[in-house]
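Presented below is the structure to which this report refers.
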Amino acid sequence: QVQVVESGGGLVQAGGSLRLSCTASGLTFDAYTMGWFRQAPGKERERISCISWSGGTTYYADSVKGRFTISRDNAKNTLYLQMNSLKPEDTAMYYCAAGNGAVSISTKLCTFRVDYWGQGTQVTVGS
């Protein structure tokens, strides 16, 4: 019954911008910690950003800090990732994740149990 669906991926040139969306259904959205992960070719999955249930606390990995912005609209059951100044190294499959278990989030840390994953959306950044 729970569905988590990403959209907004595509092909952009280096320096460009892209906005990813993640819409969840079948769950109490504002009770869930949300996050974005990515998996690049030849690399392990990377946690790149997290946001608390209210949107008041956010975390960014060093690799995206200053370029990406995470936000959520609880009225729309939607999570966003605004990606600016994109680099070829950002090329990856991007996944939305939701969890409502134990969580620890600060500007320096993001740890939470993932209960649901989206199907992923591909982001490709040209040189």
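For Ile105, the conditions (1) touching a helix residue (DSSP H, G or I) at 6+ places or on another chain (Cβ under 8 Å); (2) farther than 23 Å from Val12 by Cα; (3) of a type outside the set (Ser, Thr, Tyr) all hold with the exception of (1). Does Gly66 qualify as being open to solvent by 30 Å² or more (accessible area, probe 1.4 Å), on the phi > 0 side of the Ramachandran plot and small (Gly, Ala, Ser)? In short, yes. Apart from one condition, Ile70 fits all of (1) part of a loop (DSSP other than H, G, I, E, B); (2) under 24 Å from Gln3 (Cα atoms); (3) not hydroxyl-bearing (Ser, Thr, Tyr); the exception is (1).
Can you name the residue in the stretch 104-122 that is polar (S, T, N, Q) and without any contact (Cβ under 8 Å) to a residue 40 or more places away in the chain and, of all such residues, is nearest to Asp90 (Cα to Cα)?
Ranking the qualifying residues of the stretch 104-122, first place goes to Thr111.
For the stretch 40-63, filtered to residues that are within 15 Å of Asp90 (Cβ to Cβ) and touching a Phe, Trp or Tyr at 6+ places or on another chain (Cβ under 7 Å), the residue that is surrounded by the fewest Cβ atoms within 10 Å (Cβ to Cβ) is Arg45.
Once the stretch 81-94 is narrowed to residues that are surrounded by 20 or more Cβ atoms within 10 Å (Cβ to Cβ) and not charged (D, E, K, R), the residue that is nearest to Val4 (Cα to Cα) is Tyr94. When only residues in the stretch 95-127 that are more than 17 Å from Val4 (Cα to Cα) and of a type in the set (A, V, I, L, M) count, which is surrounded by the most Cβ atoms within 10 Å (Cβ to Cβ)? Per the criteria, the residue is Val123.
The values are calculated or read from the model by the stated rules, or taken from the named source; none is laboratory data. Because the structure is a prediction, the values reported are computed rather than measured. No Cβ is skipped: glycine too gets one built from the backbone with ideal geometry, and neighbour counts run over all protein chains shown. For accessibility, only protein heavy atoms count, side chains too; no ligands or nucleic acids. Shrake-Rupley method; radii C 1.70, N 1.55, O 1.52, S 1.80 Å.
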